[in-house]
1. Return a whole-number percent for the relative contact order of the stretch A:5-107, with Cα pairs under 8 Å and 6 or more residues apart as the contact set.
2. Using a Förster radius of 41 Å, what is the FRET efficiency between A:E207 and B:T127 based on their Cβ-Cβ separation? Nearest 0.05, please.
3. Taking a 1.4 Å probe, which of A:Y29, A:Y161 shows the most accessible area, and what order do the others take after it?
4. Divide by every residue of chain A the summed helix terms, -39500 (n - 2.57) for each DSSP H run of at least 4, and state the resulting mean residue ellipticity at 222 nm, rounded to the nearest 500 deg cm²/dmol.
5. Taking 22 Å as R0, compute the FRET efficiency from the Cβ-Cβ separation of B:A27 and B:E79 and round it to 0.05.
6. Normalised by the empirical 2.2 N^0.38 Å for globular proteins, what value does the Cα Rg of the stretch A:5-107 take?
7. Expressed as an acute angle from 0 to 90° and rounded to the nearest 10, what is the orientation of the C-alpha long axis of helix A:37-47 relative to the principal long axis of chain A?
8. Label A:E65 and A:I38 with points 7 Å out from Cα along Cα→Cβ: what is the distance between them in nm?
Amino acid sequence: MEKRCKILIIDDEEIVLDSCLQILSGGDYEIRTAGNGILGVDLAEKFRPDVIFVDLKMPGISGFEVLEKIQEIDPTIVTIVITGFATIGSAVEAMQKGAFDFLPKPFTPDELRLITRRGIEKRKLVLETLALRREKELLREHFAAIVSHELKSPLAAVQQYLYSLSNELSDQLTEDQQHRFERIQTRIGDLMQLIHTWLRAITVDIESIKENFAPTSIPVVISKAVESVDPHAIRKDIAIRTAVQDDIFPVLGDEGTLVEAVVNIVGNAVKYSPAGSHVEITAKNFDDEVAITIEDDGIGISSDDLPFIFEDFYTSRSDKQIEKGSGVGLALTKRIIEAHGGNVSVESELGEGSTFELRFPALINQPIELSPINNEFMNKT
Amino acid sequence: MDTKKKLLMIDDDPDFVEPIMAILENAGYEVDAKYNPDEGFEALKSGSYDLLLLDVLMGRGAEGIMIARKIGDDEKLRETPILIITGMREQIAFLFPGQPVHPSFVPTDELIEKPVEPDLLLEKVSTLIKMAEERKAQSELN
């Protein structure tokens with residue numbers, strides 16, 4: 001820190017203020033003093049000191065109140081209480097309330113200098129920690145932009161070239177060559193999807209979706225999710241069947257992320273199911289809850305993996321044959337569901353398929369109005 | 001196509017311009033390309049184009065968006081349909097909170113994400129051109 005450190009001393013005894021000023025004048029400090037609590041708090045606000053000494057026993061507002069007010073002004077300011085021998089107990093109390101240390105009266109010049117230095121060290125550490133924390137936040141926020149640009153755009157350019165090449169060559173390629181072109185495109189597409197999913201898991205503040213919660217229709221969520229997964233399922237010859245209770249309750253939520261959550265689970269079901277099988281989606285009311293279950297006849301999840309599948313960056317270790325996931329889809333799904341006040345559970349056995357159940361608090365006695373979103377959806381289909 | 005439709009593409013990444021131009025030219029369009037927003041805007045003003053392909057997040061910040069806004073404010077230019085191409089769908093939403101799909105800069109525009117599949121690209125381009133032509137015919141009637 002290049003700046004001179006700022007110290008504020010609040011004490012009603014002139015002699016204490018004077019002697020502190022004298023003792024500390026040798027150090028490279030900028031010092032202010034206040035003769036009572038009100039003046040002290042006022043100065044704390046204007047002068048923004050690094051370290052504040054506060055006498056606990058003053059007429060007018062007490063040292064404790066001063067400490068509280070300083071906390072409100074800036075909790076990173078380091079406070080040290082000055083106290084007589086008789087009031088050590090209150091010094092301890094002050095420290096419990098956030099004071100950094102205490103200085104018992106009478107004190108020697110060296111004691112004051114030492115405790116001042118320590119207070120300033122502490123202040124530096126507090127500020128550094130804060131700066132590091134902020135930097136970490138910034139990095140996290142910028143990570144999205146950096147990864148988007150640095151990873152996604154070269155990949156997208158490669159893909160664009162492939163698209164244009166296969167477009168131009170479409171009538172000249174043998175079926176075999178065409179197939180290889182498609183594989184390259186598929187793999188690059190998967191890689192871009194992976195980057196996209198990671199980005200979302202890392203950068204999206206799930207809590208913020210709560211701001212846009214609105215009554216949301218379960219049938220709409222399910223049909224949108226199915227619409228999104230269906231192309232993949234059709235390619236694998238997997239049928240997605242849905243059975244939604246007619247008078248199913250709506251939920252309070254964010255349609256976009258709910259669709260994403262269902263897509264993640266249904267997408268997994270398709271990914272881990274053998275060709276020709278089917279995935280069952282059912283939605284029912286259960287008392288004051290809505291339950292969506294997604295059942296597949298896929299490879300299942302081993303009991304070793306089962307407890308961890310909702311954790312970030314976890315992919316199964318036990319199988320080598322099938323395509324690997326990004327390791328964040330289910331973690332993100334769980335966070336989305338929990339942000340909606342719901343929960344997700346899974347039953348599975350290796351080789352026996354898996355059943356995921358999503359439960360949400362139902363929005364009862366509030367028939368869902370067809371919002372513009374729903375209308376738009378209806379028109380599209 | 002009797003007369004070749006003329007398109008302008010503004011994108012600062014030549015590695016997108018080249019393959020996208022190839023697809024469009026292959027389909028019989030005539031395509032001009034500009035690699036920075038200012039030159040692109042000048043070209044748009046001086047030429048007569050049937051459609052603009054615009055990379056919306058060029059360079060630092062979002063110069064493409066500034067261009068789109070400028071076009072939207074211009075009586076004449078705003079009649080040109082725009083196909084907005086973006087590498088970052090997510091960030092579009094950040095830039096325009098509360099507009100989940102995309103902002104409408106001009107009466108006829110649409111947004112697609114890079115990379116663009118040839119069939120989708122060609123479909124969007126022809127649909128937008130057709131929509132703009134219908135709009136024009138309609139306004140001439142009134």
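The values are calculated or read from the model by the stated rules, or taken from the named source; none is laboratory data. Just so it is clear, the structure is predicted and the values come from calculations on it, not from any experiment. Using ideal geometry, Cβ is built from the backbone for each residue, glycine included, and neighbour counts are taken over all protein chains shown. All accessible areas refer to the heavy atoms of the entire protein, side chains included, with ligands and DNA or RNA removed. Shrake-Rupley method; radii C 1.70, N 1.55, O 1.52, S 1.80 Å.
1. On the way: 174 pairs, mean separation 25.5, N = 103.
Relative contact order of the stretch A:5-107: 25 percent.
2. Values: r = 39 Å, r/R0 = 0.95.
That gives a FRET efficiency of 0.55.
3. On the way: A:Y29 45, A:Y161 65 Å².
Of A:Y29, A:Y161, the descending order of accessible area is A:Y161, A:Y29.
4. Values: 11 runs with 182 residues, N = 381.
-16000 deg cm²/dmol, from helical runs alone.
5. Values: r = 23 Å, r/R0 = 1.05.
About 0.45, to the nearest 0.05.
6. Details: Rg = 12.2 Å, N = 103, 2.2 N^0.38 = 12.8 Å.
Computed over Cα atoms of the stretch A:5-107, the ratio equals 0.95.
7. Value to nearest ten degrees: 60.
8. 0.9
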